[in-house]
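*Asks:* Submitted below is the structure of interest, expressed as structure tokens.
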Amino acid sequence: MRVRSILLAAMLGFILMPCQAGAAKLIRLERADGEVRNALVYPATGACQGVAVISHGAGGSEQGYAYLAQGLAEQGWLTVVPDHHDSGTDVLRRHLRAGNLQSALTSMVTDSAAYRARQLDINAARLWAQPRCNAKASVLIGHSMGAATTMMEAGAENLMQIRAQKSFDRYIALSPQGPGIIFPDQAWSAIRQPVLLLTGTRDTELGGLSWESRTTPFSQMPPGCKWLGVIDGATHQHFAGHGASRSSEKLIMQTVRAFLQADTTCSLPPASPGLRLQSK
């Protein structure tokens, strides 16, 4: 029991450890319902190419995903990482007092109210950023619960009764979920917008499902600028920036950059060692 407690504590410290935000600027976003949330803004380097919003995972905060946000900013994207307070660090801690990590995360990722709050956070971030960038392009990027949020926004049917807003030009889901407690089978069959899905061969799903289940959305989406990338050896935490894997982060950022720069043909970039990439 003592060993199990130590391992759980170590796991939680790993998940909750904040990334350094670098040159990011802290702002306060007012949502449509009057609630105010923190967000970190990464100003675009040079001429603004578009607006990027990053949706963090369950138990995370605006402090995460610095490697991704900084990489996007360096490519000219005005990047905003809002704090999803209603499914963030404090909420995870409260759930953990009543159960273990798996039950806590399961409760969080199946909370319809939390997804509705995330939509409000994302809308506030997009509306704040758009007048501050001359370019009209926009992308929503999410990891884990943020990936579920991203797919809902893109039009995926879901068991949370969340309606798609489809307010972004492109969508990127890191560690997307397959059919299960969030999405039914064939949930992604109506998504028409360009989508990039990224997972890794050690990126197991909640409940112990193999990483292969994360590729199901790609197989069920209609053709039309859909990309699926699988990174050899990448874990769930590597996508969050907590996995101390510079090689995985490099491949993630490289693929995200290529997807955002792809023209109307949406052709794949040259192959890279450690990454399997396909499109349809």
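*Asks:* Once you have the Cα-Cα distance between R246 and Q130, take 0.36 nm times their residue separation minus that, and quote the gain in nm to one decimal.
*Replies:* 38.7 nm
*Asks:* Which one is right for this structure if semi-axes √(5λ) of the Cα gyration tensor in Å is calculated from it: (i) 25, 22, 19; (ii) 28, 25, 17; (iii) 41, 20, 15?
*Replies:* Evaluating semi-axes √(5λ) of the Cα gyration tensor in Å on these atoms matches (i).
*Asks:* Hey, another quick one. Any idea which of G34, Q220, M160 is furthest toward the positive side of the dipole for the chain, if Lys and Arg beta-carbons carry +1 and Asp and Glu beta-carbons -1?
*Replies:* Looking along the dipole axis, the top candidate is G34.
*Asks:* In Å, what is the Rg of the alpha-carbon atoms in the stretch 68-115, and how long is Dmax?
*Replies:* 14.8, 44
*Asks:* Further question on the same structure: Report, please, the projected area of the stretch 165-280 averaged over directions, based on the convex hull of its C-alpha atoms, in nm².
*Replies:* Averaging across all directions leaves 7.2 nm² for the Cα convex hull.
*Asks:* Roughly what would the spin-label model give for R257 and T201, points 7 Å off Cα along C-beta, in nm?
*Replies:* Between R257 and T201, the label points sit 2.5 nm apart.
*Asks:* Moving to a separate point now. Quick one: what are the phi-derived ³J(HN,Hα) couplings along the stretch 199-205, Karplus 6.51/-1.76/1.60 with θ = phi - 60°, whole Hz, x for glycine and proline?
*Replies:* So the J values, rounded to whole Hz, are 9, x, 6, 10, 9, 5, 7.
*Asks:* Continuing with this model, one more query. Quick one: if the Förster radius is 25 Å, what FRET efficiency do A47 and Q165 give, using the C-beta to C-beta distance and rounding to 0.05?
*Replies:* It comes out at approximately 0.35.
*Asks:* Hey, quick one: spin label on A137, modelled 7 Å out along Cα-Cβ, who in the stretch 175-204 has an amide N within reach, i.e. under 17 Å?
*Replies:* Output list for this probe position: 193-197.
*Asks:* If you put +1 on each Lys and Arg Cβ and -1 on each Asp and Glu Cβ, how big is the dipole of the chain around its Cα centre, in Debye rounded to 20?
*Replies:* 180 debye
*Asks:* OK, next. If the chain between D185 and R276 were fully stretched, how many nm would it gain, using 0.36 nm times the residue separation less the Cα-Cα distance?
*Replies:* 30.3 nm
*Asks:* Same structure, new question: To the nearest 500 deg cm²/dmol, what mean residue ellipticity at 222 nm is calculated for the chain from DSSP H runs of n ≥ 4 alone, each contributing -39,500 (n - 2.57), summed and divided by the residues? Each step should come with its number before you reach the end.
*Replies:* Details: 9 runs with 97 residues, N = 280.
Per the formula, -10500 deg cm²/dmol.
*Asks:* Between R192 and R97, what's the calculated FRET efficiency when r is the beta-carbon distance and R0 is 35 Å? Round to 0.05.
*Replies:* The value I calculate is 0.25.
*Asks:* Highest GNM mean-square fluctuation, the chain, Cα pairs closer than 10 Å: which of A58, A262, A44?
*Replies:* Looking only at A58, A262, A44, the largest GNM fluctuation is found for A262.
Bear in mind these aren't lab numbers, they're just calculated from the coordinates by the rules spelled out. Model, not experiment: these values are computed from the prediction. Note that each Cβ is placed from the backbone with ideal geometry, even for glycine, and that neighbours are counted across all protein chains shown.
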